[in-house]
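Enquirer: Below are the structure tokens for one structure; questions will follow.
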Amino acid sequence: MTKLLVEHALKHNVILKIYNNFWQNALDNYEMYEMTELLIEYLNAGKLIQNFSEDYLFNNKNINCEIVKLLLHNFNKRNTFIKINEEYLYKAVYIKDTDLVKLLIDYSFKNNVLFSNVVGCLNTAYICNYNEILVILLAYTNKFNITNDYLYNIIMDNNLEKIKFLMEYANKNNIILNFNRQSLCKAVENNNFEMVKFLIDYASKNNIIINIYKEYLYTHQYISNPILKVLIDYADKNNIVLHIHRNYIYNAISYNNIEMVEYLMNYINKYNVTLNIDQYYLYENKYINEKIVRLLIDYAIKRNIILNISENYLGDAITNNNVEMISLLFEYANKSNTEISYLSNGIKNNNTKKVKEFIDYVNINNIIISIHKTYIQNAIINNNTEIVYLLFDYSNKNNVVIDIDFECCFNNAFNNNNKEILVLLIHYGSNNNNIIINDYLSNIIKNNIDSIEMVKLLFLIAHKNHIILNIREECLYDAIIANNFEIVKLLIEYSNGNNISFNIASSLLYNNESIDDKIVKLLIDYASENKIILNINEKYFQKAINNENIDMVKFLVEYTNKNNMIIDYLSKAMDGNNFNKVQQFINFVDKNSIILNIKENYLCKAISKNNIEILKILIENANKNNIISIIEEDYLCDSFRDSHHDLYKLLKEYVNNHRNALNNQGGFSSNEIYNILNQWKIEEIERVKSTKTKNTTLVIGTNDFTAEEYDQLDIKRDEFLVVTDWNIKEGWAYGHRKNHPNEKGLFPKVLVKIYEDINGNY
């Protein structure tokens, strides 16, 4: 009856109203499936008023699955939302109804409904081996990021067929199965090459990035070569940098797998991967394929890695006349500054024949090798003159510099009493700009090594064999600073005997105050012979005076006299207007009959300081020793014009006393100075003198003065003072500061002048 009604309604466009309980009866009774289908058809035609509760499939979990499929098809088409009890998913999996599972999953995707029992459903599908359903559910868990281990478990079980089926099914149905690196690593761990390759191929085709961590191939050292290549290929294509353990290289080498070694080294070089090659690997493994050895050495050269290489490789290359291999080995030895075992062992074993054949071979083939310093040392220790000669001869002919430890080699040859080797060493040192020998001397000097006999022997052998050692100034300076008299003496004697010039700086004895007196004498003698002017620090004079070293003072004074120099000791005393210090020095030289050449430079300095007392004592000493100072006429004239009365008197007296001598020596070319003296009016002089005897006189300071005694007064340049007594003490005046009568004391007359105002009044 119901069927007839619905068909009639469809045919005559009649709208039927169906109550909810009718729907319920139809859905609950599978025998009414056709009726339900007819009602849904009517509903799809838009003719039927639907009174269907959206909660019905949620609240009723026992509806027949075929009816559920029918409803879901309809609701999916109409984009109608209803709630579905998740038990239907479990039922669909349990009865292996793939279509219903798809419908439920599609409905879930479309309406963003999450089935919480999906993991349990996965378990059922996995146990029952429902592979199509398993793929659908795995895709579902991927979409909703639901954690599960089923794909991992399949891989762990090494079930390649199942994995293939799942992924092929997924591909056919446009389903992406994501898997993580743990799954891949498990396949690697199982050493299942096909599984690994299948997973990586699947990942590559579906743009799945497996984040293999960079240390994986370092911490897992025993992966088989086929799997290793698959992993590295994948990493290379995806620009993933993997650190590779050296064991992979070693294993490939042990099986002479050149292709694998090349493959690994290409990847390592491309990504600048560090490979910790054991430095003794090529020493302990002596029969590795030549091509592999090249790869390892090329890598070592690029990375500055030190490798000890067995002499077998070089020996075989020489036997086979493999010049290319020999060149590579030497290039590496040169760049890494390492020994060549073949040559090194020949030298250590005193095998002269082996060394000679080797040197001859490289010479014939124009191969440049480096001569390691240990080669020379070992040959000398073995007292093998011929090997030492071969090495030095090769070095000289090929411009190869040997960084030899000259001191060590020289000492060993000396201990062996092998003069031939000593000659070879000195020849080599002299042929290489004497750098080696100079460094040797510097080391002895700087470290205070007691090797004077060795240095003597060095010079003696050089002399006997006509070898000139161009000793540099630094060696002499080092010896001077170290106060090593014997070495200084030896160096100077050697330089004198071989026309070697030391460019001694004029400031050497000025900047260095504590050089031993014996060395100072040597240096001054050398300077005198070579027309070098040395400025001598006052400390040397002071020390000699304090020690009553008359010979030293005389020696220093004679040198300064000869070179017309002001003695630094006196110069500084005059700069400080230190009369006592000047007097002490003059008294010392007078007492010990040392002639001080008081020339114009001394007098001019005293005049410039307006120091009458110092000038007076200098003139007295000069007169005593019959020394005439020829002061330049212009300077003397200017001095007269600018002089104070006492200084003027002293200069006038000096000029008058030595008038004939000065004229005879060409001191004056005119009578200007005498005209100045005659023009100085007596009354003017008397007026000045009378002014100085007044009770008080206003004066102004011409230079600073620092009091040295309790009764003296500090004064400043351009400071106004009042003189109350001009004659209290020879060379001194007594007074006080202007407007400060309580600040009083003695001060030098020469450091003040009478103040005149603009009208000339005092």
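The values are calculated or read from the model by the stated rules, or taken from the named source; none is laboratory data. Source: prediction; values computed, not measured. Here the Cβ positions follow ideal geometry from the backbone for every residue, glycine too, while neighbour counts run over all protein chains shown.
Enquirer: Would you mention how many residues in the range 290-333 are buried (at least 17 other Cβ atoms within 10 Å of the Cβ), under 29 Å from the mean Cα position of the chain (by Cα) and closer than 19 Å to Ile371 by Cα?
Expert: Number satisfying all stated conditions: 5.
Enquirer: Determine which member of the set Tyr250, Tyr267, Tyr263 is more than 21 Å from Lys186 (Cα to Cα), touching an Asp or Glu at 6+ places or on another chain (Cβ under 7 Å) and assigned to a helix (DSSP H, G or I). First the steps, then the outcome.
Expert: Numbers: Tyr250 fails: touching an Asp or Glu at 6+ places or on another chain (Cβ under 7 Å); Tyr263 fails: touching an Asp or Glu at 6+ places or on another chain (Cβ under 7 Å).
From the options Tyr250, Tyr267, Tyr263, the qualifying one is Tyr267.
Enquirer: Which residue out of Ile452, Ile480, Ile524 is surrounded by 14 or more Cβ atoms within 10 Å (Cβ to Cβ), at pLDDT below 85 and either under 28 Å from Lys419 (Cα atoms) or not small (Gly, Ala, Ser) (or both)? Even if it seems obvious, please write down each step before you answer.
Expert: Values: Ile480 fails: at pLDDT below 85; Ile524 fails: at pLDDT below 85.
Among Ile452, Ile480, Ile524, only Ile452 is surrounded by 14 or more Cβ atoms within 10 Å (Cβ to Cβ), at pLDDT below 85 and either under 28 Å from Lys419 (Cα atoms) or not small (Gly, Ala, Ser) (or both).
Enquirer: One residue is enough: does the range 611-620 have a residue meeting the conditions within 23 Å of Ile586 (Cα to Cα), outside any helix (DSSP H, G or I) and modelled with pLDDT of 75 or more? If you could, list the steps in order and put the result at the bottom.
Expert: Residues of the range 611-620 that are within 23 Å of Ile586 (Cα to Cα), as a first pass: 611-620.
With the extra rule that they be outside any helix (DSSP H, G or I), the set shrinks to 611.
After this cut, where a residue has to be modelled with pLDDT of 75 or more as well, the list is 611.
Yes, the range 611-620 contains a residue that is within 23 Å of Ile586 (Cα to Cα), outside any helix (DSSP H, G or I) and modelled with pLDDT of 75 or more.
Enquirer: Moving to a separate point now. Modelled with pLDDT under 80, among the aromatic types (Phe, Trp, Tyr) and surrounded by fewer than 15 Cβ atoms within 10 Å (Cβ to Cβ): does that describe Phe144? Before you say what the answer is, go through the steps one by one.
Expert: Values: modelled with pLDDT under 80: yes; among the aromatic types (Phe, Trp, Tyr): yes; surrounded by fewer than 15 Cβ atoms within 10 Å (Cβ to Cβ): yes.
Criteria met by Phe144.
Enquirer: Out of (1) more than 30 Å from Asn159 (Cβ to Cβ); (2) surrounded by 13 or more Cβ atoms within 10 Å (Cβ to Cβ), the odd one out for Glu284 is which?
Expert: (2)
Enquirer: Could you list, in sequence order, all residues of the range 603-617 that are surrounded by fewer than 19 Cβ atoms within 10 Å (Cβ to Cβ) and under 15 Å from Ile567 (Cβ atoms)?
Expert: Those that are surrounded by fewer than 19 Cβ atoms within 10 Å (Cβ to Cβ) and under 15 Å from Ile567 (Cβ atoms): Cys604, Lys605.
Enquirer: In addition: How many residues, within the range 134-172, are touching a Lys or Arg at 6+ places or on another chain (Cβ under 7 Å) and not aromatic (Phe, Trp, Tyr)?
Expert: If we filter the range 134-172 for residues that are touching a Lys or Arg at 6+ places or on another chain (Cβ under 7 Å), which is where we start, we get 136, 152, 154-156.
Filter once more, so that each one left must be not aromatic (Phe, Trp, Tyr): 136, 154-156.
Total meeting the criteria: 4.
Enquirer: Which one of these does Leu217 not meet: (1) modelled with pLDDT of 90 or more; (2) under 25 Å from Val293 (Cα atoms)?
Expert: (1)
Enquirer: Are any residues in the range 88-145 part of a helix (DSSP H, G or I) and of a type in the set (Gly, Ala, Ser), and if so, which ones? Please lay out each step first, then the result.
Expert: First, the residues of the range 88-145 that are part of a helix (DSSP H, G or I): 88-94, 98-111, 118-128, 131-143.
Answer for the range 88-145, where residues must be part of a helix (DSSP H, G or I) and of a type in the set (Gly, Ala, Ser): Ala92, Ser108, Gly120, Ala125, Ala139.
Enquirer: While we're on this one: Mind counting the residues in the range 708-721 that are in contact with a Leu (Cβ under 6 Å, 6 or more places away or on another chain) and either in a strand (DSSP E or B) or touching a residue at least 40 places away in the same chain (Cβ under 8 Å) (or both)?
Expert: To start, the set of residues in the range 708-721 that are in contact with a Leu (Cβ under 6 Å, 6 or more places away or on another chain) comprises 711-712.
Keeping just the survivors that are either in a strand (DSSP E or B) or touching a residue at least 40 places away in the same chain (Cβ under 8 Å) (or both) gives 712.
Looking only at that region, the number is 1.
Enquirer: Still on this model: Could you tell me which numbered condition Leu490 fails, if it satisfies all but one of (1) of a type outside the set (Gly, Ala, Ser); (2) surrounded by fewer than 19 Cβ atoms within 10 Å (Cβ to Cβ); (3) in a helix (DSSP H, G or I); (4) modelled with pLDDT of 80 or more?
Expert: (2)
Enquirer: Now for a separate question. Restricting to the range 200-225, what's the tally of residues that are of a type outside the set (D, E, K, R), within 27 Å of Ile176 (Cβ to Cβ) and either surrounded by 14 or more Cβ atoms within 10 Å (Cβ to Cβ) or in contact (Cβ under 8 Å) with a residue 12 or more places away in the chain (or both)? Let's see the steps before the verdict.
Expert: Step one: list which residues in the range 200-225 are of a type outside the set (D, E, K, R), which gives 200, 202-204, 206-213, 216-225.
If we keep only those that are within 27 Å of Ile176 (Cβ to Cβ) as well, we get 200, 202-204, 206-213, 216.
Add one more test, that the residue is either surrounded by 14 or more Cβ atoms within 10 Å (Cβ to Cβ) or in contact (Cβ under 8 Å) with a residue 12 or more places away in the chain (or both), and what stays is 200, 202-204, 206, 208-213, 216.
Qualifying residue count for the region: 12.
Enquirer: Among the listed residues Ser116, Ser183, identify the single one that is modelled with pLDDT of 80 or more and on the phi < 0 side of the Ramachandran plot.
Expert: Selected residue: Ser183, the only one of Ser116, Ser183 that is modelled with pLDDT of 80 or more and on the phi < 0 side of the Ramachandran plot.
Enquirer: Quick test for you: out of Lys373, Lys397, Lys353, Lys348, pick the one residue that is charged (D, E, K, R) and under 32 Å from the mean Cα position of the chain (by Cα).
Expert: On the way: Lys397 fails: under 32 Å from the mean Cα position of the chain (by Cα); Lys353 fails: under 32 Å from the mean Cα position of the chain (by Cα); Lys348 fails: under 32 Å from the mean Cα position of the chain (by Cα).
Only one candidate passes the filter, namely Lys373.
Enquirer: For the range 356-374, how many residues meet the condition of being in contact (Cβ under 8 Å) with a residue 40 or more places away in the chain and either over 14 Å from Met325 (Cα atoms) or touching a Cys at 6+ places or on another chain (Cβ under 6 Å) (or both)?
Expert: Of the residues in the range 356-374, the ones in contact (Cβ under 8 Å) with a residue 40 or more places away in the chain are 358, 361, 365, 367, 370.
Those still in the list that are either over 14 Å from Met325 (Cα atoms) or touching a Cys at 6+ places or on another chain (Cβ under 6 Å) (or both) too: 358, 370.
Final tally of qualifying residues: 2.
Enquirer: Can you give me the number of residues within the range 535-555 that are within 17 Å of Lys591 (Cβ to Cβ) and among the acidic types (Asp, Glu)?
Expert: 2
Enquirer: Taking the range 556-602, which residues are buried (at least 19 other Cβ atoms within 10 Å of the Cβ), of a type in the set (A, V, I, L, M, F, W, C) and within 53 Å of the chain's Cα centre (by Cα)?
Expert: Leu556, Val557, Ile567, Leu570, Ala573, Met574
Enquirer: In the set Val699, Val722, Val752, which member is in contact with a strand residue (DSSP E or B) (Cβ under 6 Å, 6 or more places away or on another chain) and more than 22 Å from Ile607 (Cα to Cα)?
Expert: Values: Val699 fails: more than 22 Å from Ile607 (Cα to Cα); Val752 fails: more than 22 Å from Ile607 (Cα to Cα).
When all the criteria are applied, what remains is Val722.
Enquirer: Based on what the data block shows, is Ile500 within 24 Å of Ile426 (Cβ to Cβ), of a type outside the set (S, T, N, Q) and in contact with a helix residue (DSSP H, G or I) (Cβ under 9 Å, 6 or more places away or on another chain)? Before the answer, list the steps.
Expert: Details: within 24 Å of Ile426 (Cβ to Cβ): yes; of a type outside the set (S, T, N, Q): yes; in contact with a helix residue (DSSP H, G or I) (Cβ under 9 Å, 6 or more places away or on another chain): yes.
Considered against the rule, which asks whether it is within 24 Å of Ile426 (Cβ to Cβ), of a type outside the set (S, T, N, Q) and in contact with a helix residue (DSSP H, G or I) (Cβ under 9 Å, 6 or more places away or on another chain), Ile500 comes out as yes.
Enquirer: Search the range 413-433 for residues being surrounded by fewer than 20 Cβ atoms within 10 Å (Cβ to Cβ) and under 36 Å from the mean Cα position of the chain (by Cα), and hand back the single one that is modelled with the lowest pLDDT.
Expert: My answer is Asn433.
Enquirer: Something else: Can you report the number of residues in the range 403-412 which are more than 18 Å from Glu453 (Cα to Cα) and either among the small types (Gly, Ala, Ser) or surrounded by fewer than 21 Cβ atoms within 10 Å (Cβ to Cβ) (or both)? Spell out how you get there, then give the answer.
Expert: We begin by selecting, within the range 403-412, every residue more than 18 Å from Glu453 (Cα to Cα); these are 403-405.
Still in the list and also either among the small types (Gly, Ala, Ser) or surrounded by fewer than 21 Cβ atoms within 10 Å (Cβ to Cβ) (or both): 403, 405.
Residues in the range 403-412 being more than 18 Å from Glu453 (Cα to Cα) and either among the small types (Gly, Ala, Ser) or surrounded by fewer than 21 Cβ atoms within 10 Å (Cβ to Cβ) (or both): 2 in total.
Enquirer: In addition: Would you pick out the residues in the range 165-193 that are over 24 Å from Asp106 (Cα atoms) and either hydrophobic (A, V, I, L, M, F, W, C) or part of a helix (DSSP H, G or I) (or both)? Full working, then the answer.
Expert: Filtering the range 165-193 down to residues over 24 Å from Asp106 (Cα atoms) leaves 180-193.
Within the range 165-193, Arg181, Gln182, Ser183, Leu184, Cys185, Lys186, Ala187, Val188, Glu189, Phe193 meet the criteria.
Enquirer: A follow-up question, please. For the range 231-247, give me the residue count where each residue is in a loop (DSSP other than H, G, I, E, B) and polar (S, T, N, Q). Full working, then the answer.
Expert: Filtering the range 231-247 for residues in a loop (DSSP other than H, G, I, E, B) gives 238-245.
Within this subset, residues satisfying the condition of being polar (S, T, N, Q) are 238-239.
Matching residues across the range 231-247 total 2.
Enquirer: Residue by residue through the range 168-180, note down the ones that are closer than 20 Å to Asn145 by Cβ and crowded, with 16+ Cβ neighbours inside 10 Å.
Expert: Within the range 168-180, Ala170, Ile175, Leu177, Asn178, Phe179 qualify.
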